[in-house]
1. Filtering the stretch 34-65 down to residues that are of a type in the set (Asp, Glu) and surrounded by 10 or more Cβ atoms within 10 Å (Cβ to Cβ), which residue is nearest to PHE3 (Cα to Cα)?
2. Of all the residues that make up the stretch 19-61, how many are polar (S, T, N, Q) and in a helix (DSSP H, G or I)?
3. For the stretch 13-33, enumerate the residues that are surrounded by 11 or more Cβ atoms within 10 Å (Cβ to Cβ), closer than 14 Å to PHE3 by Cα and among the hydroxyl-bearing types (Ser, Thr, Tyr).
Amino acid sequence: MSFKCPKCRRELYNRRRPTCAFCGSPVPSELRMSETQRGFIEKLKADEAKRHREFMQRDIPTGGGWPDVPSIDVPF
């Protein structure tokens with residue numbers, strides 16, 4: 001199902017907004033997301049942000065410094 005602005009007939013890309021992003025006209029409530037849907041989206045975003053923060057703060061074992069590379073004695 002596509003949701004279009006009743007005034008300019010363009011696609012409503014963000015149904016959480018009370019106005020059309022293109023022409024600025026008010027979007028009827030039946031075309032916007034319900035409070036339950038908006039809450040669900042906000043919870044998903046918060047959960048994803050939490051997972052990302054935990055991922056970025058994880059402890060990565062480094063193996064004690066430089067990578068294990070065999071030394072090569074090259075005569076100069």
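1. GLU42
2. 2
3. THR19, the sole residue that qualifies.
Every number in this text was worked out from the coordinates using simple rules, so none of it is lab data. Values in this document were obtained by computation on a predicted structure and should not be read as measured data. Please note: Cβ atoms are built from the backbone with ideal geometry, for glycine as well, and neighbour counts cover all protein chains shown.
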